[in-house]
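The values are calculated or read from the model by the stated rules, or taken from the named source; none is laboratory data. Just so it is clear, the model here is predicted, and its values are computed rather than measured. Ideal geometry is used to build each Cβ from the backbone, glycine not excepted, and the neighbour counts take in all protein chains shown. The area values use the complete protein model at the heavy-atom level, side chains included, leaving out ligands, DNA and RNA. Shrake-Rupley method; radii C 1.70, N 1.55, O 1.52, S 1.80 Å.
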Amino acid sequence: MTIHVRQNAPNTLQFTATAEGRDLPLDMPQPQGAGPDPHDYFDTALGGCKAMTLMVYAQRKGLPLESVGVDVVRDASEERKGIYRLTAKLTLHGELSDAQIDELLAVAEKCPIHKLMTAVDVQVSTLIVRPA
């Protein structure tokens, strides 16, 4: 899969990313822009993955999870030192026992994006492509 990022107009900091045929706005954070910025999408990927992973798991296991809410809290105060903290706060709706809640927490810790962010050697290459 390729995600395309294009500048909306020359000399601006507003872009549009296109993924799976959907447009996603990109901007600088406030006060320079209106957002969402690339950090927001990074954090959103974690929250979305945890929510979807829990719903799929609960449906497969027949757990009474009706819906999931996730708040991802960012602490980027030490990002320049190499530390970027995210806290995912899960709100689970449904008649769940304590054992089921513990089970779902363990599953949430194993969502694919959580693993990608914490346990995978992500290798990024950057190439210059001249305009045609």
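Here are the numbers:
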read-out	value
Solvent-accessible area, 1.4 Å probe, carbon plus sulfur percent, for the range 20-132	54 percent
Solvent-accessible surface (1.4 angstrom probe) belonging to Ile113, in square angstrom, nearest 10	40 Å²
At least 20 Å along the helix axis (C-alpha) and Kyte average at least -1.0, DSSP helices within the chain	38-61
Accessible area of the chain divided out per residue, in Å², using a probe of 1.4 angstrom	76 Å²
Size of charge dipole - the chain - debye, nearest 20, with Cβ of Lys, Arg +1 and Asp, Glu -1, no other charges	460 debye
Under 12 Å, Cβ to Cβ, from Leu96 - net charge with Lys/Arg +1 and Asp/Glu -1	-4
Mean separation of Cα contacts under 8 Å, 6 or more apart, over the residue count of the chain: relative contact order %	16 percent
Structure-derived percent of Cα pairs over 25 Å apart - corresponding label in (i) 31; (ii) 42; (iii) 24	(ii)
Given charges at Cβ of Lys, Arg, Asp, Glu: the range 55-116 dipole, positive-most of Leu63, Leu90, Pro112	Pro112
